[in-house]
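Single-structure report; data block below.
The values are calculated or read from the model by the stated rules, or taken from the named source; none is laboratory data. Note that the structure is a prediction, hence the values are computed from the model and not measured. Note that each Cβ is placed from the backbone with ideal geometry, even for glycine, and that neighbours are counted across all protein chains shown.
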Amino acid sequence: MMRKILICLALLAAPVQAQQVTSANAAVLRALDKVSGTSKDVEITRGQTVRVGSLEVQMTDCRFPAGNPAGDAFAELEIKEAGSETKIFSGWMIASAPALSALEHARYDIWVIRCTTS
């Protein structure tokens, strides 16, 4: 419930004029193993599934402000435990506000760093 309230507040605080965005074919995600304390950057392309520890991460889309690939990225991800069909995360993650729509997992944190165009 609190998450929905935060999303609504973020939408209300957004500028009135919509920003033009462009889709990218790939993204860079950062994965943190909270048990070992190690993190690694993972490059993923649209439609690809990558394994991060015991998780399988699939990216559907990555978008960024038109003309600014280094700008604020947001990616649509689906994350599930390996060997399970149950999704533990499905939605958009925003690079500048990773806590707004975050993966809730006991061992791993995953968030978007940027979209990549090449």
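So, of the residues in region 43-83 that are aliphatic (A, V, I, L, M), at pLDDT below 95 and surrounded by fewer than 17 Cβ atoms within 10 Å (Cβ to Cβ), which turns out to be farthest from residue 111 (Cα to Cα)?
Filtering first and then ranking leaves 66.
Out of 101, 96, I need the residue that is touching a residue at least 24 places away in the same chain (Cβ under 8 Å), polar (S, T, N, Q) and buried (at least 17 other Cβ atoms within 10 Å of the Cβ). Which one? Write out each step before concluding.
Working: 96 fails: buried (at least 17 other Cβ atoms within 10 Å of the Cβ).
On inspection, the qualifying residue turns out to be 101.
Considering only region 80-94, how many residues are over 15 Å from residue 116 (Cα atoms) and assigned to a strand (DSSP E or B)?
So the first thing to find is which residues in region 80-94 are over 15 Å from residue 116 (Cα atoms), and the list is 80-93.
Okay, now just the ones that are also assigned to a strand (DSSP E or B), so 80-81, 87-93.
Residues flagged as over 15 Å from residue 116 (Cα atoms) and assigned to a strand (DSSP E or B) within region 80-94 amount to 9.
Name the single residue that is modelled with the lowest pLDDT among those in region 1-19 being under 28 Å from residue 49 (Cα atoms) and surrounded by 10 or more Cβ atoms within 10 Å (Cβ to Cβ). Steps first, please.
Kept after step one, since they are under 28 Å from residue 49 (Cα atoms), are these residues of region 1-19: 3-4, 7.
Now drop any that are not surrounded by 10 or more Cβ atoms within 10 Å (Cβ to Cβ), which leaves 3, 7.
Numbers: 3: 66, 7: 61.
Step by step, filter region 1-19, then rank; the result is 7.
For (1) closer than 20 Å to residue 39 by Cα; (2) touching a Phe, Trp or Tyr at 6+ places or on another chain (Cβ under 7 Å), each residue gets a yes or a no:
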{"position": "83", "(1), (2)": "no, no"}
{"position": "87", "(1), (2)": "no, no"}
{"position": "92", "(1), (2)": "no, yes"}
{"position": "101", "(1), (2)": "yes, yes"}
{"position": "105", "(1), (2)": "yes, no"}
{"position": "108", "(1), (2)": "yes, no"}
{"position": "112", "(1), (2)": "yes, yes"}
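If residue 102 meets every condition in (1) in a loop (DSSP other than H, G, I, E, B); (2) modelled with pLDDT of 90 or more; (3) touching an Asp or Glu at 6+ places or on another chain (Cβ under 8 Å) apart from one, which number is that one?
Every listed condition holds for residue 102 apart from (2).
So, in region 104-118, of the ones that are crowded, with 18+ Cβ neighbours inside 10 Å and either over 12 Å from the mean Cα position of the chain (by Cα) or not charged (D, E, K, R) (or both), which residue ends up farthest from residue 23 (Cα to Cα)? If you could, list the steps in order and put the result at the bottom.
Within region 104-118, the subset crowded, with 18+ Cβ neighbours inside 10 Å is 108, 110-112, 114-115.
Now restrict to residues that are either over 12 Å from the mean Cα position of the chain (by Cα) or not charged (D, E, K, R) (or both): 108, 110-112, 115.
Details: 108: 27, 110: 20, 111: 18, 112: 14, 115: 8 Å.
Looking at residues that are crowded, with 18+ Cβ neighbours inside 10 Å and either over 12 Å from the mean Cα position of the chain (by Cα) or not charged (D, E, K, R) (or both), I get 108.
Return yes or no: is residue 56 in contact (Cβ under 8 Å) with a residue 24 or more places away in the chain and either under 15 Å from residue 98 (Cα atoms) or of a type outside the set (Val, Ile, Thr) (or both)? Lay out the reasoning, then the answer.
Numbers: in contact (Cβ under 8 Å) with a residue 24 or more places away in the chain: yes; either under 15 Å from residue 98 (Cα atoms) or of a type outside the set (Val, Ile, Thr) (or both): yes.
Here the answer is yes, as residue 56 does meet what is asked.
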